Amino acid sequence: MKSYRTLLASLVAGAAITACSTEASEEKKKSTAPETQQVEVVEVQEMRPEKNIVLPGELKPWNRVSLYAKVKGFVRAVQVDRGSWVRKGQVLAQLDAPEVLSEVSQAQAHVQAQEAVLIEQAARFRASKQTYQRLLQTNKVEGAVSPHELEQAQAKMLADSAMVSVAKGNVQASRSMYQTKTELRHYLTITAPFDGVITERNISAGALVGAGESNGKPLFVLEDSRTLRLTVAIPESYANQLPDKSSVSFTVNAIPEQTFNAKLARSAQSLVEANRSMMAEFDFNNQRNLLKSGMYAEVKLPVERTMSTLFVPKTSVVSSTEKTFVIRVNDNKAEWVPVEKGNVLDSLVEVFGGIHSKETIVRKASEEIRDGQSIKISKK
């Protein structure tokens, strides 16, 4: 009887342990199974918005040139100073170079000498030609002129003709040399190549200028700032979003309370490798001389895509260590879709990837919503 009671107690205890084990296993399965989350959704929007971005710019003169002396000489007179307004062709400085003037005189004398040689050779050719022609006439009478004498006259005429050609070439060469020396003499007068303002003057009367002199500094720097070039480096991401006939507004630190406008005039149509940007220029009419070249500007630049693109709320894009993605709702299940971000527009961000317009995505996405997890759309 005692052994029967012991056996019964063992069976009851075993059944209890088995029941507890089964219950614990079921509880474990329930805890590991993903929960169905309630999420808010939104549709992917297709848009082609315009937006303004702020970029730094620099104002540069329409024309700027550094003027150097082509020939070596001493400064005889300086006609202008820093800040002087000059016209095209106006004399800025006069140089003295006696050796240049001497070379011009020598070249002129050489031209005259070669012209005299040409006249002499031409006279000899005319004489020998006439002699040959007379011998030809005389030769019509049989035996009047020997063949040898006729051949010598012809040879003399041909030789004189060749000497005339040589003399003409020498005259042309000497004239070219004279023209070159004359041009060098003209370089002794420094003139303005265009209208503008002298912004630098680095010489005084008596200074030796020319190649290798004045520490390589220019004699003058001339700028024309009646029209300014507003140069802006457009980042690569916006290089294709600049309209052809766009205009910009900008401000400068010197006049912060005033806004200026400029129109797009030209762009490089190529990226600079150093900073991966495209240089664009906007022309500003500066006839009133309000702005100065060299000023930095804060430019508001309008950009626009060439075609419509897709936008989603910023909260819909998740950037994790795995990838950047949005969560698309597909048959009440979460589907991670890899995307790349583009422009930002207020609360929206431009995305590129495997999504399409009007598709439903999770408004507030996170990594906690796993790929393939069941989700339930909450109703507002």
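Listed values, structure above:
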item	result
Listed pairs Lys72/Lys181; Lys245/Lys314; Lys300/Lys358; Lys88/Lys263; Lys72/Lys217 exceeding 25 Å between Cα atoms	Lys245/Lys314; Lys300/Lys358; Lys88/Lys263
Translational D in µm²/s for region 42-100 (Stokes-Einstein at 20 °C, 1.002 mPa s, Kirkwood Rh from C-alpha pairs)	123
Ratio of Rg to Rh over the chain (Cα coordinates, Kirkwood Rh, two decimals)	1.47
Helical mean residue ellipticity (222 nm; -39500 (n - 2.57) per DSSP H run of 4+; nearest 500) of the chain	-11000 deg cm²/dmol
Accessible-area composition of the chain, carbon plus sulfur, in percent [1.4 Å probe]	50
Spatial separation of Cα centroids for region 86-122 and region 239-257, in angstrom	54
Calculated P(r) of region 247-380 - Cα pairs past 26 Å, %	49
Å² of accessible area per residue within the chain, as computed with a 1.4 Å probe and no ligands counted	63
Cβ-defined net charge surrounding Gly57, 15 Å radius [Lys, Arg +1; Asp, Glu -1]	+2
Peptides ranked, highest mean first, by Cβ atoms within 10 Å: ranges 83-93, 302-312	302-312, 83-93
Relative packing of 277-290, 139-152, which averages over residues the other C-beta atoms within 10 Å, highest first	277-290, 139-152
Square roots of five times the Cα gyration tensor eigenvalues for region 260-307, Å	24, 15, 10
Normalised alpha carbon radius of gyration of region 106-158 [divisor 2.2 N^0.38 Å]	1.63
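The values are calculated or read from the model by the stated rules, or taken from the named source; none is laboratory data. Bear in mind the structure is a predicted one, so any value in this text is a computation, not a measurement. With ideal geometry, Cβ positions are generated from the backbone for all residues, glycine too; neighbour counts draw on all protein chains shown. Note: accessible area is taken over every heavy atom of the protein model, side chains too, but ligands, DNA and RNA are not part of it. Shrake-Rupley method; radii C 1.70, N 1.55, O 1.52, S 1.80 Å.
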